[in-house]
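These notes are about the structure you will find just below.
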Amino acid sequence: MVRSKFYNRGASLRHLFRNSWAGQHLFNFHPQAASPTQYTGKWTFADKQTNRSHQLEITEQLQILIDGHRLPGKIVRVDDKELLFLDKYGYHLRVDVNQRFPVSLYDEADNRVYPISQVNDPDWDNPKD
């Protein structure tokens with residue numbers, strides 16, 4: 001197939017518009033805004049290698065706590081599909097959302113994905129070991 005010399009220019013123009021103010025505001029290329037409230041709450045996950053259950057808590061200020069201990073680091077990105085957290089060692093934790101609720105936690109340090117489920121009992125403070 002013979003392509004014109006303008007074939008690749010179309011792709012670069014799309015890229016230019018997508019990253020420009022005009023492209024974001026006139027052509028609606030900006031990502032969908034996420035509500036931080038869809039991430040807040042308490043979630044449990046199990047580590048099958050150590051046979052331990054853990055509790056993940058995400059506060060309204062988007063602080064990350066595991067088993068009641070605040071993780072030092074910062075939120076890198078929040079959108080309608082994921083919350084990405086960078087810890088002090090340079091590893092990412094990613095909370096993935098399906099529709100409206102978090103469904104999994106990816107730990108880059110261990111390179112593992114943990115299915116998570118919401119804690120139903122509001123008085124449940126300590127996960128069982």
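The values are calculated or read from the model by the stated rules, or taken from the named source; none is laboratory data. Quick caveat, the model's predicted, so the values are computed rather than measured. Reconstructed Cβ throughout: ideal geometry from the backbone, glycine too, with neighbour counts over all protein chains shown.
Conditions tested, residue by residue: (1) over 22 Å from the mean Cα position of the chain (by Cα); (2) assigned to a loop (DSSP other than H, G, I, E, B); (3) modelled with pLDDT under 95; (4) over 29 Å from ASN98 (Cβ atoms).
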site	(1), (2), (3), (4)
SER4	yes, yes, yes, yes
ASN8	yes, no, yes, yes
ALA11	yes, no, yes, yes
ASN28	yes, yes, yes, no
ALA34	no, yes, yes, no
THR50	yes, yes, yes, no
GLN55	no, no, no, no
LEU62	no, yes, yes, no
LEU65	no, no, no, no
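Are any of the residues in segment 60-73 exposed (fewer than 11 other Cβ atoms within 10 Å of the Cβ), within 16 Å of LEU93 (Cα to Cα) and in the same structural domain as ARG94 (by TED's automatic domain parsing)? Checking segment 60-73: at least one residue is exposed (fewer than 11 other Cβ atoms within 10 Å of the Cβ), within 16 Å of LEU93 (Cα to Cα) and in the same structural domain as ARG94 (by TED's automatic domain parsing).
Considering only residues that are among the polar types (S, T, N, Q) and within 15 Å of GLY41 (Cβ to Cβ), which ones fall in segment 100-118?
Listed by number, the residues that qualify are SER104, SER117, GLN118.
Only residues that are over 15 Å from ARG77 (Cα atoms) and either in a strand (DSSP E or B) or at pLDDT 90 or above (or both) were counted across segment 92-101, and they come to 2.
Taking each residue of segment 59-75 that is farther than 18 Å from ASP107 by Cβ and looking for partners that are surrounded by 14 or more Cβ atoms within 10 Å (Cβ to Cβ) and modelled with pLDDT of 95 or more with beta-carbon atoms closer than 9 Å, six or more apart or interchain, yields THR59/LEU65. Taken as a whole, the structure leaves THR40 outside the set of residues that are surrounded by 14 or more Cβ atoms within 10 Å (Cβ to Cβ), polar (S, T, N, Q) and modelled with pLDDT of 95 or more.
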